[in-house]
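A.B. asks: Submitted below is the structure of interest, expressed as structure tokens.
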Amino acid sequence: QVQLVESGGGLVQPGGSLRLSCAASGSKFGISGMGWYRQTPGKQREVVAIISSGGRTNYSDSVEGRFTISADDAWNTVYLQMNSLKPEDTAVYYCNAVRFGRIYWGKGTLVTVAE
């Protein structure tokens with residue numbers, strides 16, 4: 001089992017920055033990748049950024065060049081640095097981890113981008 005706890009969400013003005021953190025605990029051996037997803041009411045959860053065990057990263061087109069995902073070597077914490085935030089980035093952000101083919105999710109942290 002892997003437990004994930006997100007933090008760092010909040011209210012930020014357009015153009016501002018936030019850094020989300022995802023603390024992982026439990027059985028982390030075998031994690032092959034972790035990622036950040038987001039969801040707004042009435043919409044499906046969508047991928048924001050993922051990072052593999054080899055350090056390769058992938059981003060959705062909507063955040064490419066503005067967001068950066070990173071992780072420490074032991075998968076203790078995964079970060080999402082979000083810059084140049086836009087109102088359309090408003091969502092609940094979820095962290096996930098993939099371990100031996102099973103997906104684990106955190107409970108999410110709310111990011112609101114507004115004046």
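The values are calculated or read from the model by the stated rules, or taken from the named source; none is laboratory data. Because the structure is predicted, anything quoted here is derived from the model rather than measured. Note: areas computed on protein heavy atoms with side chains; ligands, DNA, RNA excluded. Shrake-Rupley method; radii C 1.70, N 1.55, O 1.52, S 1.80 Å.
A.B. asks: So what J values fall out for segment 29-43 if you push phi through Karplus, 6.51 cos²θ - 1.76 cosθ + 1.60 with θ = phi - 60°, rounded to Hz, Gly and Pro as x?
C.D. replies: Each residue of segment 29-43 in turn: 4, x, 5, 9, x, 9, x, 10, 10, 9, 8, 10, x, x, 10 Hz.
A.B. asks: Principal axis extents for segment 32-82, Cα atoms only, whole Å, descending order, please.
C.D. replies: Projected onto the principal axes, the Cα atoms of segment 32-82 cover 35, 20, 15 Å.
A.B. asks: Roughly speaking, what is the stretch gain from ASP61 to ASN83, that is 0.36 nm per residue apart minus the C-alpha to C-alpha distance, in nm to one decimal?
C.D. replies: Gain in length upon complete extension: 6.5 nm.
A.B. asks: Keeping all protein chains in place, calculate the accessible area per residue for the chain (probe 1.4 angstrom), answer in Å².
C.D. replies: Ligands and nucleic acids excluded, the figure is 54 Å² per residue.
A.B. asks: For segment 23-111, which whole percent of the accessible surface, found with a 1.4 angstrom probe, sits on carbon and sulfur atoms?
C.D. replies: The value for segment 23-111 is 50 percent carbon and sulfur by accessible area.
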